[in-house]
1. Is it the case that the range 140-149 has a residue that's among the acidic types (D, E), open to solvent by less than 50 Å² (accessible area, probe 1.4 Å) and at negative phi?
2. Can you name every residue in the range 1-59 that is basic (K, R), out of contact with any Pro (no Cβ under 7 Å at 6 or more places or on another chain) and more than 22 Å from E116 (Cα to Cα)?
3. Of all the residues that make up the range 153-176, how many are surrounded by fewer than 20 Cβ atoms within 10 Å (Cβ to Cβ), modelled with pLDDT of 95 or more and either of a type outside the set (D, E, K, R) or part of a loop (DSSP other than H, G, I, E, B) (or both)?
4. Does any residue in the range 81-105 that is in a helix (DSSP H, G or I) come within less than 8 Å, Cβ to Cβ, of a residue that is among the aromatic types (F, W, Y) six or more places away or on a different chain, and which pairs are these?
5. Give the residues of the range 2-20 that are surrounded by fewer than 21 Cβ atoms within 10 Å (Cβ to Cβ) and touching a helix residue (DSSP H, G or I) at 6+ places or on another chain (Cβ under 6 Å), sorted by residue number.
6. Restricting the range 110-126 to residues that are of a type in the set (A, V, I, L, M) and touching a residue at least 12 places away in the same chain (Cβ under 8 Å), which is most open to solvent (accessible area, probe 1.4 Å)?
7. Exactly one condition in (1) open to solvent by 20 Å² or more (accessible area, probe 1.4 Å); (2) of a type in the set (K, R); (3) part of a helix (DSSP H, G or I) is not met by R23; state its number.
8. Given the criteria over 12 Å from C149 (Cα atoms), touching a residue at least 12 places away in the same chain (Cβ under 8 Å) and surrounded by fewer than 20 Cβ atoms within 10 Å (Cβ to Cβ), does A37 qualify?
Amino acid sequence: MATVLLLRHGRTTANASGELAGRRPVDLDETGRRQAARAGERLSVLPLAAVVSSPLKRCRNTVELALPAAEVIEDDGLIECGYGDWEGQQLKELSKDPLWPVVQQHPSAVTFPNGEAMSEMSARAVATIRRWDAKITAEHGAEALWLACSHGDVIKAIIADALGLHLDQFQRIAVDPASISVIRYTPARPFVVRVNEGGDLATLVPPKSATTDSDAAVGGGAASGAV
């Protein structure tokens, strides 16, 4: 199967001010623009078969700065969790809400007021990634690399699923602005190759002689330095 790189958008004005952006059209701040440009420098060595993005402005602008020549496909399945009435509020104030500790400790039970259930967010995000991965594999082959740009909680949910973790454990995963995480899906199970990292992505391109049709080869590749 193909390999997906999960790129979180760069820092936004809402990140900087401590607000929960949600699905509002907030933009990158200057730090976020620099982060996106640096991500582009790392991504430039990769032959990406496709670039898919959340339709929100901060993701589209991150991809446009990182990969200005790329043809970007928007997919609503990668959009931010619908935080409902929480959107636009200060995180320091939300931390006093009785729902806050549930979000942190038992997110699978949370439905945001007038918003989305975190379990629904996780299900549609994972389904979107797996659908695109199967499509890109069918069209470009098992060696294909592709990129999906999305949001922190969305990417954490995708990684948790790939690790076989219950959604209630996804808060243990860190996904920083403009970080890249990597998952390779196989018929047997996913391999989480990288999480929240900023290293040399050129090692993701397999050598011509690599055997990639077995779990042992994929897992061995990760153990031998791809992580």
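1. Of all residues in the range 140-149, those among the acidic types (D, E) come to 143.
If we keep only those that are open to solvent by less than 50 Å² (accessible area, probe 1.4 Å) too, we end up with none.
Taking every residue of the range 140-149 in turn, none turns out to be among the acidic types (D, E), open to solvent by less than 50 Å² (accessible area, probe 1.4 Å) and at negative phi.
2. Step one: list which residues in the range 1-59 are basic (K, R), which gives 8, 11, 23-24, 33-34, 38, 42, 57-58.
Restricting the remaining residues to those that are out of contact with any Pro (no Cβ under 7 Å at 6 or more places or on another chain) gives 23-24, 33-34, 38, 42, 58.
Listed by number, the residues that qualify are R33, R34, R38, R42.
3. 6
4. Short answer, once both residue conditions are applied: G84/F112; D85/F112; W86/F112; L94/W86; L94/W100.
5. G18, L20
6. Per the criteria, the residue is V126.
7. Looking at each condition in turn, R23 falls short on (3).
8. So A37 passes the test.
The values are calculated or read from the model by the stated rules, or taken from the named source; none is laboratory data. Predicted, not measured: the structure shown is a model, and the values here were computed from it. With ideal geometry, Cβ positions are generated from the backbone for all residues, glycine too; neighbour counts draw on all protein chains shown. Just so you know, the surface numbers come from the protein's heavy atoms only, side chains and all, with ligands and any DNA or RNA stripped out. Shrake-Rupley method; radii C 1.70, N 1.55, O 1.52, S 1.80 Å.
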